[in-house]
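Asks: My structure is below; once you've seen it, I'll send some questions.
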């Protein structure tokens, strides 16, 4: 049986079209997977930045409690004892840090030095993802 030239060309076109459809579908699937990975990385970066801001906010609040404006300087005893450390725990309810927490541990410096070391940890999470950032800051009373 002999097939005409145009019938063979149509058969080749069908095979080539199917091949092209499969290749395009694979490309679309790989792009979707790449996009999903990029979105996850961006979400983690946002959570990480929020955890950093929570840690910094905790440090600022602790600093304000140690050295209040217009009042005498305090020491680490202004913070309650949590797990054996003088600790400030802060859960944020503001829009930018909602769902974030800061834990600041205050430690006295050498006796008579009026210095304090604040170790702050900021925690932020969404769903099963959680990020944590740590910051340490030293403070000294220079007003005498």
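The values are calculated or read from the model by the stated rules, or taken from the named source; none is laboratory data. Being a predicted model, the structure only gives us computed values, none of them experimental. FYI the Cβ positions are ideal-geometry reconstructions off the backbone, even for glycines, and counts take in every protein chain you see.
Asks: Answer yes or no: is there a residue in region 51-64 that is under 26 Å from residue 118 (Cβ atoms) and loosely packed, with under 10 Cβ neighbours inside 10 Å.
Replies: There is no residue in region 51-64 that is under 26 Å from residue 118 (Cβ atoms) and loosely packed, with under 10 Cβ neighbours inside 10 Å.
Asks: Cβ-Cβ distance below 8 Å, separation of 6 or more or different chains: which pairs start in region 63-80 with a residue that is at negative phi and in contact (Cβ under 8 Å) with a residue 24 or more places away in the chain and end on one that is exposed (fewer than 10 other Cβ atoms within 10 Å of the Cβ) and in a loop (DSSP other than H, G, I, E, B)?
Replies: Note: pairs meeting the criteria are 73/143.
Asks: OK, next. Within region 112-141, take every residue that is more than 21 Å from residue 101 (Cα to Cα) and touching a helix residue (DSSP H, G or I) at 6+ places or on another chain (Cβ under 9 Å) and give me the one that is surrounded by the most Cβ atoms within 10 Å (Cβ to Cβ).
Replies: Taking the candidates together, the pick is 116.
Asks: Another one. Among the residues of region 56-93, what is the count of those that are within 18 Å of residue 107 (Cβ to Cβ) and assigned to a loop (DSSP other than H, G, I, E, B)?
Replies: 8
Asks: Quick test for you: out of 109, 144, 127, 122, pick the one residue that is at pLDDT below 90 and farther than 23 Å from residue 71 by Cβ.
Replies: So the residue among 109, 144, 127, 122 that is at pLDDT below 90 and farther than 23 Å from residue 71 by Cβ is 127.
Asks: Counting just the residues of region 86-98 that are free of Cβ contacts under 8 Å to residues at least 40 places away in the same chain and within 10 Å of residue 54 (Cβ to Cβ), which one comes out surrounded by the fewest Cβ atoms within 10 Å (Cβ to Cβ)?
Replies: As a first pass, look at region 86-98 and keep what is free of Cβ contacts under 8 Å to residues at least 40 places away in the same chain: 86-95, 98.
Cutting the leftovers down to within 10 Å of residue 54 (Cβ to Cβ) gives us 90-92.
Numbers: 90: 18, 91: 12, 92: 19.
Per the criteria, the residue is 91.
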